[in-house]
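Worksheet: one structure, shown below.
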Amino acid sequence: QIQIVESGGGLVQPGGSLRLSCAAQGNIFVNYDMAWYRQVPGKRRDLVALITKEHTTTYADSVEGRFTISRDNGKQSIYLTMTRLEPEDTAIYFCYARITTVEPIVTNDDWGRGTQVTVAS
């Protein structure tokens, strides 16, 4: 079984910074892509940033230049460093990982429970 555990959300003022962490735990054989998504009530869950196991990154246009995704393959972890935060960044942030487990050998898309980020004065 795989568990995805996020941490680091909270309340921050506009223009501030915040760092989210996510760790994948369990019988991991291969951890492929990992990513951060975000969702506000009543809207779809959107991709924020993605990083492959080779460390290739992709960002949503709205966060390009402000957010940085990074990865530690040894710790099965990713991080999202968010700077120049705006009220529009307020959302629940979800960590995603595409993982092949050892026993059984299956590949699944796994999600964390989410962490709230609120940007307000």
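Once the convex hull of all Cα atoms in the range 52-121 is built, its volume per residue stands at 110 Å³. Loop-located trypsin sites (Lys or Arg not before Pro) in the range 31-68 (DSSP state not H, G, I, E or B) with no more than 14 neighbouring Cβ atoms inside 10 Å: 43, 44, 53.
Stretching the chain fully between residue 86 and residue 53 yields a gain of 9.0 nm (0.36 nm per residue, less the alpha carbon separation). Given in Å, the Rg to one decimal and the Dmax to the nearest whole number for the Cα atoms of the chain are 14.2, 48. What net charge is computed for the residues neighbouring residue 23, neighbours being all others with C-beta under 10 Å from the C-beta of residue 23, Lys and Arg scored +1, Asp and Glu -1? Neighbourhood net charge equals -1.
Surface composition of the chain: carbon and sulfur make up 48 percent of the accessible area, probe 1.4 Å.
Extents of the range 1-72, taken as max minus min of Cα coordinates on every principal axis and listed largest first, are 40, 24, 23 Å. If Lys and Arg each add +1 and Asp and Glu each add -1, what is the summed charge of the other residues whose beta carbon sits under 11 Å from the beta carbon of residue 114? Residues near residue 114 contribute +2 overall. Heavy-atom accessible surface of the chain, averaged per residue, reaches 55 Å², computed with a 1.4 Å probe. The calculated FRET efficiency for residue 3 paired with residue 70, based on their beta-carbon distance and R0 = 25 Å, is about 0.75.
The values are calculated or read from the model by the stated rules, or taken from the named source; none is laboratory data. It should be emphasised that the depicted structure is a prediction, and the values quoted were computed from it without experimental measurement. Here the Cβ is made from the backbone with ideal geometry for all residues, glycine too, and neighbour counts use every protein chain on show. For accessibility, only protein heavy atoms count, side chains too; no ligands or nucleic acids. Shrake-Rupley method; radii C 1.70, N 1.55, O 1.52, S 1.80 Å.
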